[in-house]
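Read the figures in this text as sums done on the coordinates, not as results from a lab. Remember, predicted model here, so these are calculated numbers, not experimental data. Cβ coordinates were reconstructed from backbone atoms using ideal geometry, including for glycine residues, and neighbour counts include every protein chain displayed.
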Amino acid sequence: MSFAVNFSPLPLRSPETTTGGNKFPKSTSSFTRNRPMLSFAATNSTEEPQTTTPEIELEFIGPKAGGDGKYPVDRASAVSGEKLLRTIMADNKLELYGTYGKLMNCGGGGSCGTCIVEVVEGKELLNERTNTELKYLKKKPESWRLACQTIVGNKENSGKVVIQRLPQQKKK
Ligand code: FES
């Protein structure tokens with residue numbers, strides 16, 4: 001860290017305020033007021049402390065293949081343990097729902113079962129399936145999750161999570 005030293009100019013000394021035969025200023029604070037000011041200010045430096053907030057990198061594989069047969073991939077990142085997958089997708093304007101879900105989803109309340117995603121990679125960076133998921137995804141592959149129930153990270157871990165959007169629409 002480096003410092004910038006700022007010497008402010010010496011103020012002109014005001015006339016001594018004395019009364020009668022008193023040779024001393026009325027207030028001793030005039031001594032400190034007339035001293036040059038010395039201040040230190042931290043400046044930009046390459047030695048700034050590194051932020052240690054763990055982050056999760058996410059990749060979202062699009063539900064439909066492009067003309068070249070490849071699935072589009074969108075990327076995002078999130079502070080570990082801070083947000084639900086549904087919120088991260090909404091923040092990044094990534095469509096989560098199929099046609100029915102767009103119209104009938106419960107807004108993240110865990111009562112519609114339409115916010116399905118597939119966790120392709122990074123399952124260990126997410127919370128365990130909730131009771132709501134156990135109910136709605138009982139007969140679905142274990143890699144499927146409800147985005148409104150899925151917390152991305154646990155505040156301490158970091159890594160990469162790969163999500164398949166609308167796995168129920170993906171042709172095998
Ligand atoms: S949005 Fe309804 S269960 Fe997730």
Worksheet item: What does the charge add up to near residue 138, with Lys and Arg as +1, Asp and Glu as -1, over the other residues with Cβ less than 14 Å from its Cβ?
Response: +3
Item to complete: Determine how many Å³ per residue the convex hull of the Cα atoms of region 65-172 encloses.
Response: 111 Å³
Discussion item. Can you tell me the length gained on complete extension of the stretch residue 91 to residue 132, counting 0.36 nm per residue apart and subtracting the Cα distance?
Written reply: 12.4 nm
Worksheet, complete the sentence: Farthest towards the positive end of the dipole of region 55-169, among 119, 104, 62 and with Cβ unit charges of +1 on Lys and Arg and -1 on Asp and Glu, lies the Cα of 104
